[in-house]
1. With only Lys, Arg, Asp and Glu charged, each at its Cβ (+1 for the first two, -1 for the last two), find how big the charge dipole of the chain is about the Cα centre; round to the nearest 20 debye.
2. Report the chymotrypsin sites (Phe, Trp or Tyr not before Pro) located in the range 127-169 that are in a DSSP loop and have at most 13 other Cβ atoms inside 10 Å of their Cβ, or state none.
3. I need the calculated FRET efficiency for the pair Lys113 and Ser217, taking r as the beta carbon distance and R₀ as 35 Å, to the nearest 0.05.
4. Once the mean 1/r over all distinct Cα pairs of the range 2-121 is inverted, what Kirkwood radius in angstroms do you read off?
5. Loop-only trypsin sites (Lys or Arg not before Pro) in the range 125-233, please: DSSP not H, G, I, E or B, and at most 12 other Cβ atoms within 10 Å.
6. Say R0 is 35 Å: what FRET efficiency, to the nearest 0.05, do Arg155 and Ala265 get from their beta-carbon distance?
7. Express as a percent, rounded to the nearest 5, the fraction of DSSP beta bridges in the chain (both residues included) that run antiparallel.
8. Expressed in nm to one decimal, what extension gain is obtained for the pair Met49 and Ala87 from 0.36 nm per residue of sequence separation less their Cα-Cα distance?
Amino acid sequence: MRVGIIGFGGMGRVVCRVLLEQGHDANIEIAGVIVSAEDYKEAEKYNTMNIPLLDSFEDLMRQKPDVIAECAGHDAVRQYGHEVLSAGISLLVISIGALAEESLYEQLRETAKLNDASVYLPAGAVGGIDALTAARLAGLQKVTYRGRKPALAWRGTPAEETLDLTGLYKAECFYSGSARDAALAFPRNSNVAATVALAGLGFDETRVELLADPDISENMHELEVEAISGNFQVSLSGIPLDDSPKTSALAAYSVAKCLLDMNTAVII
Ligand SMILES: NC(=O)c1ccc[n+]([C@@H]2O[C@H](COP(=O)([O-])OP(=O)(O)OC[C@H]3O[C@@H](n4cnc5c(N)ncnc54)[C@H](O)[C@@H]3O)[C@@H](O)[C@H]2O)c1
């Protein structure tokens, strides 16, 4: 299976390394990675794996990938998603917050259906998505996602309008509302809330609480689910990638796992 990747930042590099080291059973080959012009020099420095670095989307399409994984950001989903799926190539999206934009979500869904392709949404930084999607089939009653980050990690977001982030002495909730409004107000922090929403009750019915916590050093993701099949809670603390401190390492590994699963005999 030939995999194309958009983005060679912290996440893209981990995905490439895992595919090269652990992708033999799944018969995975990296067709190429799109690197933006301004990142090219930096990317070459990191490319000890001799991965084909490409400077355009057209070049990647010429390599005839079977699937393309976005590891670049919300704009890349908007920029390339439709074209990838229109060519009948499946698309993995990890910047899932982009799909809070309903028109984009519907466009990608329709294009995938029309062209016999799929949109893959890995669990990313959060745990329990397998249980949530299974419980949805039985019937969900209430889904709450609580995102807790070190106080200063919320600098540069609207959290600063309600909290003095440098003077906190205990955890404070600065947002409580729907996943849709959370995604609009905090676009750079919306990936996990959007994943929970799409896996469960949707953007309008999924509750989101965002907290600034001066007592933690890692991002915490908490999921609380009430369902006909039983209730559950999942709590996860994410270690960031060394060279991309905003990204949980688990999110990168979940992209690699999703790609490996696409061509593996036994899938768990
Ligand atoms: N779903 C989740 O739980 C989750 C968790 C963490 C990160 N993410 C997403 O993963 C993305 C990648 O994370 P990262 O740590 O690698 O970020 P990063 O900033 O280290 O790397 C992103 C790279 O993509 C490149 N890029 C951006 N737009 C591009 C485009 N249009 N074409 C080609 N390259 C482009 C950038 O130049 C950069 O090199 C984040 O933007 C975020 O949206 C999702």
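Read the figures in this text as sums done on the coordinates, not as results from a lab. None of the values given here were measured: they were computed from a predicted structure. Note that we place each Cβ from the backbone using ideal geometry, even for glycine, and neighbour counts take in every protein chain shown.
1. In debye, rounded to 20, the chain gives about 300.
2. Tyr169
3. 0.20
4. This gives a value of 14.4 Å.
5. Arg155, Lys170
6. Once rounded, the FRET efficiency stands at 0.15.
7. Rounded to the nearest five, the antiparallel share is 50 percent.
8. Length difference between fully extended and current span is 10.8 nm.
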